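Peer 1: Okay, handing you the structure first.
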Amino acid sequence: MHRLLRRQIRKANFDTQDLEKFNDFFNVINDAYKSFDDDVRHIELILEESSNELYKLNKNLRTEKESVKNELNTIVNTIEGVIFKTDLNGDFKYLNKAWEDVFNIPIEIALNKNYKDLLFSSMDQDALRAMELEAIKQTEFNTLFKHTTFSNKTLWIQLRLSLTYDESGAANGYIGTFNDVTQLKETEIKLNRANKTKDEFLSTMSHEIRTPLNAVIGMSDILLMDKFLPEQLENFQVLKYSSEHLLALINDLLDLNKFKSQEIKISEEDFNLSELVQNIQLHFKQVALNKKLSFETIIDSSIPMVLNGDSLKLSQVLKNLLSNAFKFTHDGGVVFKIENIQTKEETASIRFSVKDSGIGVSYDKQKDIFKSFVQASNNTSTIYGGTGLGLHISKELLNIQNSNLHLESNIGKGSTFWFDITFKTSKKVLTDEHNISSQREQIDLKVLIAEDNKFNALILGKLLKNWNVDFVLAKNGQQALDIYSSRNFDVILMDLQMPILDGYDTTRIIRKMDDKIKSTIPIIALTAFTKSEVSAKTERYKMNGYISKPFDINELHSLLKHYSENKRHVV
């Protein structure tokens, strides 16, 4: 019998008679014990086999874990950027090998050290605190900072970090990266300097070119004010608008920079559409005659003649389109059409189109020609000239006025450029800007002119004489101060760029005079620089206004008239 059964029989004190009596019962129990033993041995065998398999799996997992860890370490340590982990206090708990390459500090020294002691010891503490507060407010943080190494090398570091959390969801530290972007930042700084140098060069060159243009435009204004034969009027107007067109071309390059920096602004002033169209027509009439081309201008009589908007930008777009039309047309002619699309109580929507019978533009080039410095073919500039900026600038000028430039063209059959634009209507009655009697209106004013350029001085002198203005000319800032110290004036027209003492310093000295009357005299800046280039500085030096060169004769007349009507009482 099974050992357990024998033990139980002995404990129960069964005799032989009892064993014989319950023999079948004991046999069943005995079989059950043996079967149980077999089951236990089978389970033990299974458990042993499972244990062996688990041991092997565990060993494989540990091997794979080490392999993955080694692979991750290899990957992490070959990354150029620094990968780090800190606790909530900012003590480093992990750093990859790139840490030593970037900051030249051994990892074993950096671990458990605080980031402030290692990276920001020389940083302004207020700036550091502001950065920390900003990082605390965000789950993900990104910033750029300058770091000076122990070897006195300057680095630009891009920092990115994120909060980490434990199993309960509580924040327990930060994980992030440091990337050395010194080369990129230094390149950016160099590019910014280069752009600044380029802008200064363009600004200076435009100033130098505008100065003689000021004389041409100013003299044409004076000729239009003087007595002349009727047949001379058209010649004088062509001279004026040709020089103004040349000025617009010079401004193209400056406008290109302004579009990039979003400095272009729309002005809203009343203008006479019929007069604007007539001036443009006069501008291109001679071009058409020289090339033996027809030039037809069609204007819808239902369009309100006095509109409110930016007439200068409209004129620039139209001149660009007409200039291109005549440039690329050898036979036939050009049609300049102005149509009324819709007139409401306060607005008028107008379509301007320029159609020519020129060389045309292929379909695959029609989108590209609106890009800057792009022309229809590689030899276009050689054959026809031009910069490739006109259409790009025209499109940009229209875009900022919620309009768009369209093109329909076929090779050898000509092109049609058109755009729709909405202007406000105006009930104001505008007089012709070349009305001689209005420009001869007398002005009772004493003016000190500080201007070193003899051509500009000549133009100003002739204009002021026509208006009967009492003026004195100074060739530089110091001479202006000498004259002003002994005489009284109502207004000073102050050129900004002069030898010995420029306009800014001269104004600063005047504003510091003890005599309250003299120190507060209206000072109007004269400059060939654009208003956006000098407005901040003229305000800082407490100048009262700005007149751009070439002078707008109406603007100058209105300004002087204003000060004449509001003269200060000076003894």
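Peer 1: Just grab the label-to-label distance for residue 114 and residue 470, each label 7 Å out from Cα along the Cβ direction, in nm (one decimal).
Peer 2: 7.5 nm
Peer 1: Going by average Cβ neighbours within 10 Å, how do the peptides 489-500, 107-118 rank, with the highest at the top?
Peer 2: 489-500, 107-118
Peer 1: Using the scaling law 2.2 N^0.38 Å as the reference, what is the normalised Cα Rg of segment 462-554?
Peer 2: For segment 462-554, the normalised Cα radius of gyration is 1.05.
Peer 1: Would you calculate the convex hull of the Cα atoms in segment 157-225 and tell me its volume per residue in Å³?
Peer 2: 122 Å³
Peer 1: If amide hydrogens are placed 1.01 Å from N in the peptide plane, which non-local residues have theirs closer than 5 Å to the one on residue 297?
Peer 2: Answer set, sorted by chain and number: 336.
Peer 1: Oh, and also: Given the peptides 397-403, 140-146, 418-424, arrange them by the average over their residues of other C-beta atoms within 10 Å, most packed first.
Peer 2: In descending order of packing, they fall as 418-424, 397-403, 140-146.
Peer 1: Measure nothing fancy, just the Cα-based angle from helix 3-12's long axis to the longest principal axis of the chain, in degrees from 0 to 90, nearest 10.
Peer 2: Helix 3-12 and the main axis of the chain meet at about 60 degrees.
Peer 1: Where does the chain land at 222 nm, in deg cm²/dmol rounded to the nearest 500, when only DSSP H runs of n ≥ 4 count, each adding -39500 (n - 2.57), divided by all residues?
Peer 2: That comes out to -16500 deg cm²/dmol.
Peer 1: What's the magnitude of the charge dipole for the chain around its Cα centre, counting Lys and Arg as +1 and Asp and Glu as -1 at the beta-carbon? Answer in Debye, nearest 20.
Peer 2: Approximately 1340 debye in magnitude.
Peer 1: Whole-Hz ³J(HN,Hα) for each residue in segment 266-279, computed from phi via Karplus 6.51 cos²θ - 1.76 cosθ + 1.60 with θ = phi - 60°, x for glycine and proline: what do you get?
Peer 2: 8, 9, 10, 9, 5, 8, 8, 5, 4, 5, 4, 5, 4, 5
Peer 1: Per residue Cα convex hull volume for the chain, in cubic angstrom?
Peer 2: 365 Å³
Peer 1: How would you rank 10-20, 466-476, 283-293, highest first, on the average number of other Cβ atoms within 10 Å across their residues?
Peer 2: Put in order of decreasing packing, that is 466-476, 283-293, 10-20.
Peer 1: Hey, what's the Kirkwood Rh for segment 265-425 if you take every pair of different alpha carbons, in angstrom?
Peer 2: Result for segment 265-425, one decimal place: 16.2 Å.
Peer 1: Further question on the same structure: Note down the nm distance, to one decimal, between modelled labels 7 Å out along Cα→Cβ at residue 345 and at residue 485.
Peer 2: Between residue 345 and residue 485, the simple spin-label model gives 6.4 nm.
Peer 1: Between residue 402 and residue 154, what is the label-to-label distance in nm when each label sits 7 Å out along the Cα-to-Cβ direction?
Peer 2: Placing both labels 7 Å beyond Cα along the Cβ direction yields 4.7 nm.
The numbers here are math on the coordinates, done by the rules we state, and not lab data. Fair warning: this is a prediction, and the values are worked out from it, not measured in the lab. Ideal geometry is used to build each Cβ from the backbone, glycine not excepted, and the neighbour counts take in all protein chains shown.
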